[in-house]
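The values are calculated or read from the model by the stated rules, or taken from the named source; none is laboratory data. Just so you know, these numbers come straight off a predicted model, no measurement behind them. Cβ sites come from the backbone with ideal geometry, for glycine too, and all protein chains shown count toward neighbours.
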Amino acid sequence: MHWSKNILTYLLFVLFAFCIWWVNAWHKQSVAASAETHQETESQDELPSQRITEKHLELPIEVIGVPDGKTIRIFPNKADVYVRVRVNQYEDISKEDMRIWCSYPMTQTDVLVLHADVASEEAMSVRIEPEEVEYIIEEE
């Protein structure tokens with residue numbers, strides 16, 4: 001009886017693992033099919049001026065609100081910015097249209113969160129990498 005319980009437990013485990021694998025494989029297949037359908041629709045229905053691309057910029061990070069008598073060093077001191085924009089407006093986006101910044105920490109934190117200010121209306125979305133930076137505060 002003890003031997004048959006172990007086999008039954010093992011078989012249930014294998015069945016459960018197979019079900020998880022099958023659901024995962026089915027999900028990946030449906031996502032791939034959906035993406036393929038979306039790409040076909042985009043290429044057939046949209047004009048070139050309506051296609052979207054991503055522009056990469058590297059910008060220095062500003063720290064705002066640094067009190068007098070203190071200096072803050074951040075690591076890294078530049079961030080990669082990825083801007084989604086229409087293809088025909090790609091050249092209209094420049095470094096001068098954006099600012100990456102973080103606030104001086106008012107409380108003890110491990111990292112500072114980065115923010116983006118975008119002056120261009122052409123930018124559809126902005127992604128910053130890294131999203132956070134480490135820092136050291138020094139007395140002057």
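Restricting to segment 118-140, what's the tally of residues that are modelled with pLDDT of 90 or more, not in a loop (DSSP other than H, G, I, E, B) and not β-branched (Val, Ile, Thr)?
5
Residues Asp68, Asp80: which one is under 17 Å from Glu138 (Cα atoms) and of a type in the set (Asp, Glu)?
One residue alone meets the criteria, Asp68.
Take Asp92 and tell me if it is of a type outside the set (A, V, I, L, M) and surrounded by 14 or more Cβ atoms within 10 Å (Cβ to Cβ).
Here the answer is yes, as Asp92 does meet what is asked.
Could you list, in sequence order, the residues of segment 52-61 that are modelled with pLDDT of 90 or more and surrounded by fewer than 16 Cβ atoms within 10 Å (Cβ to Cβ)?
Glu54, His56, Glu58, Pro60 - these are the residues of segment 52-61 that are modelled with pLDDT of 90 or more and surrounded by fewer than 16 Cβ atoms within 10 Å (Cβ to Cβ).
Report yes if some residue within segment 26-33 is surrounded by 11 or more Cβ atoms within 10 Å (Cβ to Cβ) and either at pLDDT 70 or above or of a type in the set (Gly, Ala, Ser) (or both); otherwise report no.
no
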